[in-house]
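Q: Please read through the structure below; I'll follow up with questions.
What follows draws every value from the coordinates through simple rules; no lab data is involved. Since we're looking at a predicted model, the values are computed, not measured. For neighbour counting, all protein chains shown are included, and Cβ atoms are generated from backbone atoms with ideal geometry for every residue, glycine included.
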Amino acid sequence: MSPQPVPPKPAIPPLFRPFAGLRPAEGLAARMAAPPYDVLSSDEARALAADNPLSFLHVSKAEIDLAPGTDPHDAAVYAKAGANLRAMIAAGQLVRDPGPRYYVYQLEGDGHVQTGIVGAAAVADYRANRIRRHEVTRPDKEDDRVHQIEACDAQTGPVLLAHPAHPSLAVVTDAARRTAPDAEATTPDGVVHRLWVVSRPSDIAAITRAFQTMRAVYIADGHHRSAAAARVAAARPGAASAQSFLAVSFPIGEMRILDYNRVVADLGGRDPAGFLAALEPAFTVEPSDGPARPEAAGRFGLYLAGKWYRLGLKEPPPADPVARLDVSLLSDRLLEPLLGISDPRRDPRIDFIGGRRGLEALAARVDSGAAAAFALYPTAMEDLIAVADAGQVMPPKSTWFEPKLADGLVSLLLDGEGA
């Protein structure tokens, strides 16, 4: 009896693949590029796009085209987003590249530059934890992104990834930066976004191979977008284009995390002097002549009753990758034992302020009625990677990445054509 032929093993999809991107027509990128959907309120988005019918906010924040006060999660909002996207395509304002491409994406702002690759990241690798997470997602926020993707039949908000530096990727990005970008836009935060199309087959192959050699890449921002993409992929098992999600990946060493600070509404029944005294068992407390920006991990700034103080840990942090984070140490040694704030996700007495706004924003909040503010040292990329590699999750509001990506410069359609 002759041996039966061994069926071929199914092809393993690459971690990163090129795709035929949907991009602004020539000369329109500056008018279309928009801040991410989740950094603006509906009113802010409406004001920003008021005189610009080409703003991608008409897709990413489509409630701005409906009656003021419309719930952003209303079915009509998602329907409007899809209709607006299709109208831009029909008008030739958004144009699809003729075949699979990668894109070099550069961000420049506040004296910082980072250059990465736009591609389609494999949902299979997300499920297998090769694309690693460090946050817990909320079902309601996942639902929002699923509805948006389904209504647009596209992924329009990129996930921010971080990857180990690789010489082949550096060759491609360095070559691109020596030429004029195919698109350039400056967003309201002053960040310049530049995009180069990578269409040469040898460069495309080199990028795909480089990512395929990587043991893991890391989600920096966009956990709900990637989780939603995985749900859409599960609902469309036969659609190859839906088995990936839109991503921009930067070298780990080029990523920049700013401090993510805390403001609390009360002092747990204490007056300022009593609160300072209650800190003594766990912290050293030193008055500061000016804003107390922490100079290292394990140090904190405190603004209380019009004065700044520097706080230092009396006991060293533990070895656990989550417990040793400054956001965890502040929570475990101060917010919970002294103020009873055990669940920062839901406790209304705590608020969070991204470091881009500066320590002045902390002082302003306290001077206008909050009880105290805490300045933290930024979480390091090495800490994020350690948490993700350990399969653990960070506390809420642990990282504030700057600069932010723009929506609208390139989108991933899920119709399967030119995927």
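Q: Can you tell me, using C-alpha contacts under 8 Å and at least 6 residues apart, the relative contact order of region 258-399 as a whole percent?
A: Contact order relative to length: 40 percent.
Q: So, one more: Can you tell me what share of the DSSP beta bridges in the chain is antiparallel? A percent to the nearest 5 is fine.
A: Roughly 90 percent of the beta bridges in the chain run antiparallel, per DSSP.
Q: Then there's this: Would you work out which of 146, 60, 99 lies farthest towards the positive end of the dipole of the chain, given +1 charges on the beta-carbon of Lys and Arg and -1 on that of Asp and Glu, about the Cα centre?
A: About the Cα centre, the residue reaching furthest to the positive side is 99.
Q: Treating only the Cβ atoms of Lys and Arg (+1) and Asp and Glu (-1) as charged, compute the dipole magnitude of region 258-399 about its Cα centre; round to the nearest 20 debye.
A: Computed charge dipole of region 258-399: roughly 280 debye.
Q: So if R0 is 30 Å, what FRET efficiency would residue 320 and residue 289 give, r being the distance between their Cβ atoms, rounded to the nearest 0.05?
A: About 0.25, to the nearest 0.05.
Q: Here is a further query. How many angstrom separate the Cα center of region 348-419 from the Cα center of region 14-66?
A: If you average the Cα positions of each part, the centres end up 21 Å apart.
Q: Continuing with this model, one more query. Please give the charge dipole size of the chain, origin at the Cα centre, charges +1 on K and R Cβ atoms and -1 on D and E Cβ atoms. Round to the nearest 20 debye.
A: 1080
Q: If I histogram all Cα-Cα distances within region 69-148 using bins 10 Å wide from 0, what percent of pairs lands in each bin?
A: So the P(r) values, bin by bin, are 12, 23, 39, 26, 0.
Q: Please give the per residue volume of the convex hull enclosing the alpha carbon atoms of region 258-399, rounded to a whole number of Å³.
A: In region 258-399, the Cα convex hull volume per residue is 100 Å³.
Q: Please determine, in degrees from 0 to 90 and to the nearest 10, the orientation of helix 201-212 with respect to the longest principal axis defined by the Cα atoms of the chain, where the helix direction is its Cα long axis.
A: 40
Q: Further, regarding this structure: Compute the angle between helix 139-152 and the longest alpha-carbon principal axis of the chain, please, reported from 0 to 90 degrees and rounded to the nearest 10.
A: So the inclination is approximately 30 degrees.
Q: Additional query: Which whole-percent values make up P(r) of the chain when all C-alpha to C-alpha distances are grouped in 10 Å steps starting at zero?
A: Taking all Cα pairs of the chain, the binned fractions are 4, 21, 28, 24, 15, 6, 1, 0, 0, 0 percent.
Q: Among the trypsin sites (Lys or Arg not before Pro) in region 340-374, which ones are in a DSSP loop with at most 14 other Cβ atoms within 10 Å of the Cβ? Mind listing them?
A: 345, 346
Q: So if R0 is 30 Å, what FRET efficiency would residue 91 and residue 192 give, r being the distance between their Cβ atoms, rounded to the nearest 0.05? Before the final figure, lay out the partial values.
A: On the way: r = 26 Å, r/R0 = 0.88.
Calculated transfer efficiency: 0.70.
Q: Of the candidates 395, 378, 281, which one comes out as most mobile in a Gaussian network treatment of the chain with C-alpha springs shorter than 10 Å?
A: 281
Q: Next question. Just the projected area, averaged over all directions, of the convex hull on the alpha carbon atoms of region 108-184: how many nm²?
A: So the mean shadow area of the Cα hull is 7.8 nm².
Q: Hey, what do the phi angles of region 68-85 turn into as Karplus ³J(HN,Hα) couplings, whole Hz, using 6.51/-1.76/1.60 and θ = phi - 60°, x for Gly and Pro?
A: Whole-Hz 3J(HN,Hα) from phi for region 68-85: x, x, 4, 4, x, 9, 5, 4, 5, 5, 5, 4, 5, 4, x, 5, 5, 5.
Q: Turning to a different aspect of this structure: Consider a paramagnetic label point 7 Å from the Cα of residue 179 along Cα→Cβ; state which residues of region 113-130 have an amide N under 17 Å from it.
A: 116-118
Q: Counting helices only, and only those DSSP H runs with n ≥ 4, report the 222 nm mean residue ellipticity of the chain as the sum of -39,500 (n - 2.57) divided by its residues, in deg cm²/dmol to the nearest 500.
A: My calculation for the chain gives -8000 deg cm²/dmol from helical runs alone.
Q: Positive end of the dipole of region 258-399, charges at C-beta (+1 Lys, Arg; -1 Asp, Glu), about the Cα centre: which of 263, 344, 394 has its Cα farthest in that direction?
A: 263
Q: Let me ask something additional. P(r) of region 284-343 in 10 Å steps, Cα pairs, percent per bin?
A: Taking every Cα pair in region 284-343, the percentages come to 22, 50, 26, 2.
Q: Most exposed first by the Cβ proxy, i.e. fewest other Cβ within 10 Å, how do 138, 178 rank?
A: Result, fewest neighbours first: 178, 138.
Q: Whats the longest run of the chain with zero GluC sites (Glu not before Pro) that are DSSP loop and have at most 12 other Cβ atoms within 10 Å?
A: Of all site-free stretches, the longest is 27-294.
Q: Still on this structure, I have one more. With just the Cα atoms defining each centre, how far is region 174-211 from region 116-136? Give it in Å.
A: 20
Q: Find which of 380, 233, 33 sits farthest along the positive direction of the dipole of the chain, computed with +1 on the beta-carbon of Lys and Arg, -1 on that of Asp and Glu, about the Cα centre.
A: 233
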